[in-house]
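One structure is given here, and the rest of the page talks about it.
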Amino acid sequence: ITATEPTATPVELAGIGARLAAVIYDGLLIVAVNAIVAVILVVIATPSDASSQNQTQVLSANFRHLVLFPAMIVMTWLFYGYFWRKTGQTLGMQTWRLKVIKPSGRFLSWGDSAGRCAAALILPICCGLLATFLGHGAGVFTLSLIFGFIANYLWAWVNGRGLAWHDQLSATVVIRVAVDPRQKRGIFGWFSQNDD
């Protein structure tokens, strides 16, 4: 598949290495955002008598499963959805000059973003469920999730078209953004300036 930007200029599909690097960068940002959200929710859920006595209290499993976990999923989707709708690039994707678009060159909608996020979870969830079914410990479960996540990207080598598993399922492509020749790049890309 050859993706096109709105200017109908042929572009290059992004490689797996750059995509994984961008995901790790974005993952650090998402962990920070979710940590802030978790702190806010925990403070709200902590009973006032425990907080007034500076006591910690273990929150119930129901709170963790029915409030914290869904809140983190929603925040992750909002993070990706906001950037993919606005510019097609998260902060990590900007660093590695990547952009996610529809094959027509349009940016993703909120629905497209939700579908892409859901498609990226299919293989990790299947691997995690398999590890749980086989009865292995938490370490094997975590490794199986990581394997499923990486398998999304390894699919790009298997299908021969350079599309990851979730690219195909969500009908999206990740492209390399050409370097703007008018932009001067400083040391390691820092302190870059545009020529006017």
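Remark: spin-label model distance Ile73-Ser104 equals 2.9 nm, labels positioned 7 Å along the Cα→Cβ axis. The residues of segment 75-145 expose on average 53 square angstrom of accessible surface per residue, using a 1.4 Å probe on protein heavy atoms. Net length available on complete extension from Ala114 to Arg85 is 9.3 nm, with 0.36 nm assigned per residue and the Cα-Cα distance removed.
Spin-label model, Val158 to His65: label points 7 Å out along the Cα-to-beta-carbon direction sit 3.1 nm apart.
If Rh is defined by the Kirkwood formula over all Cα pairs and Rg also comes from Cα, what ratio Rg/Rh do you get for segment 19-172?
Rounded to two decimals, Rg/Rh equals 1.04.
The values are calculated or read from the model by the stated rules, or taken from the named source; none is laboratory data. Everything numeric here is computed off the predicted structure, so don't read it as measured data. For neighbour counting, all protein chains shown are included, and Cβ atoms are generated from backbone atoms with ideal geometry for every residue, glycine included. Quick note on the areas: whole protein, heavy atoms, side chains included, nothing else; ligands and nucleic acids left out. Shrake-Rupley method; radii C 1.70, N 1.55, O 1.52, S 1.80 Å.
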